């Protein structure tokens, strides 16, 4: 089967930002006297693909979720200059694949968050298309963002392969009829990746698979 394009997730795959997102929400909620446990964040945001609106509803909080989101963005952006790091081998895989086939970034994070992260790490130059949660109606595990990325690249979904770190992203790729390689991180290592085409321990191993295709 022809492989025409590679689509990357961002948080937890290319950038070590999941902890920064979590810490940001924990600090904001603590300011409202609400405790957010690490595992609660992992289950709600990372594994299930839900956000602050659903968290507020589930907890029956008398708070404006948009205000919380805005407060979290301030904390998150303040952390980036000193705390932002790429995941191991992220820069290398992008550099090696760049120019060999179209590359897209498909992240559930907001456009503002994605832009500042990829700009600080100088990753934006590698992507032909960058899509974020700000441009789609439904988040992963919906396939919407992956299908939109393929359409922007002008490539059939079946000719794309997705690299993801989380279960919700793997399911989204499955639903988009795309092949998918899972590269779990410390937060997602115990997830069910049985529907992925391959599971790799690192981005370097994932690159080897891609170069074989």
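The values are calculated or read from the model by the stated rules, or taken from the named source; none is laboratory data. No experiment lies behind these values; they were computed from the predicted model shown. We place every Cβ from the backbone using ideal geometry, glycine too, and count neighbours over all the protein chains shown.
So for the stretch 26-48 (the condition being buried (at least 23 other Cβ atoms within 10 Å of the Cβ), modelled with pLDDT under 95 and within 24 Å of residue 142 (Cα to Cα)), does at least one residue qualify? Checked the stretch 26-48: at least one residue is buried (at least 23 other Cβ atoms within 10 Å of the Cβ), modelled with pLDDT under 95 and within 24 Å of residue 142 (Cα to Cα). Per the listing 172, 196, the residue uniquely within 21 Å of residue 42 (Cβ to Cβ) and in a helix (DSSP H, G or I) is 172. Looking at the stretch 6-46, which of its residues are farther than 21 Å from residue 77 by Cβ and either part of a helix (DSSP H, G or I) or under 13 Å from the mean Cα position of the chain (by Cα) (or both)? Correct list: 7, 8, 38, 39, 40, 42, 43, 44. When the stretch 184-210 is examined, which residues are found to be over 19 Å from residue 142 (Cα atoms) and touching a residue at least 60 places away in the same chain (Cβ under 8 Å)? Of everything in the stretch 184-210, those that are over 19 Å from residue 142 (Cα atoms) and touching a residue at least 60 places away in the same chain (Cβ under 8 Å) turn out to be 185, 187, 202, 203, 204, 206, 207, 210. The condition (being within 17 Å of residue 14 (Cα to Cα) and either in contact with a strand residue (DSSP E or B) (Cβ under 7 Å, 6 or more places away or on another chain) or surrounded by 19 or more Cβ atoms within 10 Å (Cβ to Cβ) (or both)) is satisfied by just one residue among 184, 143: 184.
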